[in-house]
Amino acid sequence: MSQQQGLEITLEFGGGAELLFGNLKKHQVTLPACEGKWTIRSLLTWMKDNLLKERPELFIQGETVRPGILVLVNDADWELLGQLDYEIEAKDNILFISTLHGG
Amino acid sequence: MPVKCSSSCGKNAILKRPKTGDALCKDCFFWAFETEVHNTIVSGHLFKKGDTVAVAASGGKDSTVLAYVLKVLNERHDYGLNLVLLSIDEGITGYRDDSLETVKQNRDDYQMPLKILSYEELFGWTMDAIVGQVGRKNNCTFCGVFRRQALDRGATLLGVNCVATGHNADDLAETVLMNILRGDIARLQRCTSIITASESEGSIPRVKPLKYTYEKEIVMYAYFKRLVYFSTECVFAPNAYRGHARAFLKDLEKIRPSVIMDIIHSGESLQVKDDVKLPVRTQCTRCGSVSSQELCKACVLLEGLNRGLPKLGIGKTSLANRAREQQDAQKTRIVNCDF
């Protein structure tokens with residue numbers, strides 16, 4: 001089923017990942033209507049084109065996040081949810097935490 | 001469809017453990033995480049009842065989680081420890097000054113006394129001033145060497161029995177790799193020890209309770225426990241060599257999550273042949289710290305800074321000695337001219 005209207009979701013950043021997104025920890029975004037379903041895979045491409053402010057290589061590597069960045073969907077590890085293939089639903093909260101910063 | 005917790009408690013899982021592949025709910029994860037650290041502490045004989053333990057606290061994720069989990073375990077298992085926080089202020093504007101605010105928050109939240117020691121009071125130099133002298137290329141060497149010594153001196157000052165550091169499994173695996181890549185056999189041999197033994201009089205042992213704890217779980221634990229930590233990159237050049245080892249390890253981990261434990265296991269099991277020449281550890285003739293040279297690295301680096309020869313401790317010892325002699329000879333010449 002194609003999504004007629006945009007998909008409203010919340011994106012959050014922590015552990016230093018926010019520094020790549022204008023130092024803003026929480027972004028309310030509306031993903032544009034598209035054919036088929038939004039997945040984390042297509043979300044990452046959209047984020048790279050629309051949200052990522054600097055040094056994209058520190059966030060995205062190939063089609064996925066840079067190793068060492070944790071992804072949680074509604075407070076659950078994306079590794080339990082199919083990772084890139086997870087189908088995003090309205091009101092989802094997707095959190096990216098960098099483990100690579102500080103010490 | 002949410003995945004259920006592997007422990008069949010009926011709750012929804014929130015995390016896939018990198019070490020075991022288990023899916024755990026929040027409560028079972030907390031329990032597993034804390035129990036594993038407890039087992040590491042017990043099986044490694046890290047503490048004795050009545051010990052005063054300084055937690056080396058930077059305000060970052062590892063030391064924040066370490067301080068918290070030690071407090072929890074100390075109460076739960078009646079370790080009888082007296083826990084204190086020890087922080088080093090390297091004097092890096094826009095980085096350490098901010099992270100020390102987080103440590104002060106830890107002090108208040110966990111009700112632990114805090115001691116902050118600065119490079120400036122110990123060595124007469126802040127990192128800002130050192131970078132002004134040496135530039136951004138080798139400054140991590142100064143920072144690392146001085147921090148080691150600063151922690152030792154802080155521990156002595158506080159009269160603690162040992163210092164607990166937040167080194168995690170990923171850190172350790174990185175260090176094993178780096179020591180292999182550099183051919184540093186002496187460090188390779190001791191870098192996986194859970195207690196760095198005190199070989200010289202008066203040196204205080206260091207312990208690593210998070211040695212077998214994955215970074216992912218530390219970050220997840222901090223997140224689900226809502227622990228506040230500081231996560232800004234140091235404003236000076238990052239440690240490039242470690243960065244490469246880290247990126248390599250993270251790439252491997254994606255394919256095979258057990259790689260981190262496997263590398264630590266390799267490091268622990270390595271045996272150095274009898275005929276391999278290893279540096280003899282003695283004491284620095286100037287400050288008494290453990291050293292394999294007549295002068296320890298911290299003393300050489302400090303002398304370099306104070307002489308205006310900041311490269312003194314960076315290259316080979318023979319080059320350093322030559323630079324030192326040259327400067328002394330020059331001074332003598334100048335003195336001779338005066339008379």
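Give me the number: length gained by fully extending B:D108 to B:H45, i.e. 0.36 nm times residue separation minus the C-alpha to C-alpha distance, one decimal in nm.
On the way: separation 63, 0.36 × 63 = 22.68 nm, distance 2.88 nm.
Going from the current span to full extension adds 19.8 nm.
Quantify how strongly other chains surround peptide B:226-233 by giving the mean number of their Cβ atoms within 10 Å of each of its Cβ atoms.
That average works out to 4.
How would you order B:208-220, B:145-157, B:312-324 from highest to lowest mean count of nearby Cβ atoms within 10 Å? Each step should come with its number before you reach the end.
Details: B:208-220: 24.2, B:145-157: 19.1, B:312-324: 14.5.
Most protected by this proxy first, the peptides run B:208-220, B:145-157, B:312-324.
Give me the inter-chain shielding for B:15-27: mean count of other chain Cβ atoms within 10 Å, whole number please.
Numbers: counts 7, 6, 2, 2, 0, 0, 1, 0, 4, 2, 1, 2, 0.
Other-chain Cβ atoms within 10 Å of each residue's Cβ, averaged: 2.
Working from Cα positions, state the angle (0 to 90°, nearest 10) between the long axis of helix B:240-255 and the longest principal axis of chain B.
Orientation of helix B:240-255: about 20 degrees from the principal axis.
Per residue of the protein assembly as shown, what 222 nm ellipticity follows from adding -39500 (n - 2.57) for every DSSP H run with n ≥ 4, rounded to the nearest 500? Before the final figure, lay out the partial values.
Details: 14 runs with 183 residues, N = 442.
Value at 222 nm, helices only: -13000 deg cm²/dmol.
Within the range A:7-98, how many lysine pairs that are 8 or more places apart, or on different chains, have C-alpha atoms less than 18 Å apart? Don't jump to the answer; show the numbers that get you there.
Numbers: A:K25/A:K48; A:K25/A:K53; A:K25/A:K91; A:K26/A:K48; A:K26/A:K53; A:K26/A:K91; A:K37/A:K91.
Eligible lysine pairs with Cα atoms under 18 Å apart amount to 7.
Using only the Cα atoms of the range B:47-277, build the gyration tensor, take square roots of its eigenvalues as a ≥ b ≥ c, and label the shape rounded, prolate or oblate: rounded if a/c is under 1.5, else prolate if a/b is larger than b/c, else oblate.
Details: a/c = 1.28, a/b = 1.12, b/c = 1.14.
Cα axes put the range B:47-277 in the rounded bin.
Antiparallel versus total DSSP beta bridges in chain A: what percent is that, nearest 5?
Details: 16 of 21 bridges.
Here the antiparallel bridges make up roughly 75 percent for chain A.
Placing unit charges on C-beta atoms (Lys and Arg positive, Asp and Glu negative, everything else neutral), compute the dipole magnitude of the protein assembly as shown about its Cα centre in debye, rounded to 20. Numbers along the way, then the final one.
Working: 55 positive and 54 negative charges, 206 e Å.
In debye, rounded to 20, the protein assembly as shown gives about 980.
Looking at the protein assembly as shown, what % of its DSSP beta bridges pair antiparallel, to the nearest 5? Don't skip to the answer; put the middle values down first.
Numbers: 23 of 43 bridges.
Antiparallel: roughly 55 percent of the beta bridges in the protein assembly as shown.
How high is the relative contact order of chain B, given as a whole-number percent (alpha carbon pairs under 8 Å, six or more residues apart)?
Values: 491 pairs, mean separation 57.6, N = 339.
Normalised by residue count, the contact order of chain B is 17 percent.
Please give the charge dipole size of the range B:105-211, origin at the Cα centre, charges +1 on K and R Cβ atoms and -1 on D and E Cβ atoms. Round to the nearest 20 debye. Before the final figure, lay out each step's value.
Numbers: 13 positive and 12 negative charges, 50 e Å.
Dipole size: approximately 240 debye.
For the protein assembly as shown, compute the orientation-averaged projected area of the C-alpha convex hull (one quarter of its surface), in nm².
Details: hull surface 100.6 nm².
With the hull built on Cα positions only, its mean projection is 25.1 nm².
Using the alpha-carbon atoms, what tilt in degrees (0 to 90, nearest 10) does helix B:169-182 show relative to the longest principal axis of chain B?
Helix B:169-182 sits roughly 40 degrees off the main axis of chain B.
For a paramagnetic label modelled at 7 Å from the Cα of B:M261 toward its Cβ, which residues of the range B:22-43 fall within the zone defined by backbone nitrogen distances under 19 Å?
Those under the cut-off are B:22-25, B:28-43.
Grab the Cα-Cα distance for B:S318 and B:D97, subtract it from 0.36 nm times how many residues apart they are, and report the gain in nm with one decimal. Before the final figure, lay out the partial values.
On the way: separation 221, 0.36 × 221 = 79.56 nm, distance 3.74 nm.
Between B:S318 and B:D97, full extension yields 75.8 nm more.
Using the 2.2 N^0.38 Å rule of thumb for compact globular proteins, work out how the range B:137-262 stacks up: its C-alpha Rg over that value, please. Spell out each step's value before the answer.
Working: Rg = 15.9 Å, N = 126, 2.2 N^0.38 = 13.8 Å.
Cα Rg divided by the expected 2.2 N^0.38 Å: 1.15.
Give the angle, between 0 and 90 degrees and rounded to the nearest 10, that separates the Cα long axis of helix B:317-338 from the longest principal axis of the Cα atoms of chain B.
Long axis of B:317-338 versus the principal axis of chain B: about 40 degrees.
Measuring with a 1.4 Å probe in the full set of protein chains, what accessible area per residue, in whole Å², belongs to chain B? Kindly include the intermediate steps, with their values, before the conclusion.
Working: 16880 Å² over 339 residues.
Spelled out: the 1.4 Å probe surface of chain B, per residue, equals 50 Å².
Apply the a/c threshold of 1.5 to the C-alpha gyration tensor of the range B:1-118 and tell me whether it is rounded, prolate or oblate.
Numbers: a/c = 2.73, a/b = 1.57, b/c = 1.74.
Here the range B:1-118 falls in the oblate category.
Which one of A:W38, A:F96, A:V73 is farthest out on the positive end of the charge dipole of the range A:34-103, using unit charges on Cβ (Lys, Arg +1; Asp, Glu -1) and the Cα centre as origin?
Of the listed residues, the answer is A:F96.
Once you order the gyration tensor axes a ≥ b ≥ c over the Cα atoms, which shape class does the range A:7-98 get: rounded for a/c under 1.5, otherwise prolate or oblate by comparing a/b with b/c? Walk me through the numbers on the way to the answer.
Details: a/c = 1.37, a/b = 1.25, b/c = 1.10.
The shape class here is rounded.
As a test of the definition: with a 1.4 Å probe, what buried accessible area, both sides summed, do you compute for A against B, in Å² to the nearest 100?
Numbers: alone 5990 and 17870 Å², together 21800 Å².
In total, this chain pair buries about 2100 Å².
Identify, among B:Y68, B:Q293, B:C5, the residue whose Cα sits farthest towards the positive end of the charge dipole of the protein assembly as shown, taking +1 on the Cβ of Lys and Arg and -1 on the Cβ of Asp and Glu, with the dipole about the Cα centre.
The one lying farthest along the dipole's positive direction is B:Q293.
What is the magnitude of the charge dipole of chain B about its Cα centre, with +1 placed on the Cβ of each Lys and Arg, -1 on the Cβ of each Asp and Glu, and no other charges, expressed in debye to the nearest 20? Don't skip to the end; give the middle numbers.
Working: 46 positive and 39 negative charges, 119 e Å.
Value, rounded to 20: 580 debye.
For the protein assembly as shown, give the percent of accessible area contributed by carbon and sulfur heavy atoms, probe 1.4 Å, rounded to a whole number. Walk me through the numbers before you get to the answer.
Values: 11140 of 21800 Å².
Here carbon and sulfur together make up 51 percent of the probe-accessible area.
Please compute the contact order of the range B:185-284 in relative form: average sequence separation of alpha-carbon pairs under 8 Å and at least six residues apart, divided by the residue count, as a percent.
Values: 40 pairs, mean separation 41.3, N = 100.
Relative contact order comes out at 41 percent.
If packing is taken as the average number of other Cβ atoms within 10 Å across a peptide's residues, how do B:77-89, A:85-97 rank, most packed first? Write down the numbers at each step before the final one.
Details: B:77-89: 19.3, A:85-97: 16.8.
The most tightly packed comes first, giving B:77-89, A:85-97.
Using a 10 Å cut-off around each Cβ of peptide A:67-76, what is the average number of partner chain Cβ atoms that fall inside? Intermediate results must be reported in sequence, preceding the final value.
Values: counts 10, 11, 1, 6, 0, 5, 0, 2, 6, 10.
The mean count of partner-chain Cβ atoms within 10 Å per residue comes to 5.
The values are calculated or read from the model by the stated rules, or taken from the named source; none is laboratory data. On a predicted model such as this, the values are computed, not experimentally measured, just so you know. Glycine gets a Cβ as well: all are built from the backbone with ideal geometry, and neighbour counts include every protein chain shown. Calculation scope for accessible area: heavy atoms of the full protein, side chains included, ligands and nucleic acids excluded. Shrake-Rupley method; radii C 1.70, N 1.55, O 1.52, S 1.80 Å.
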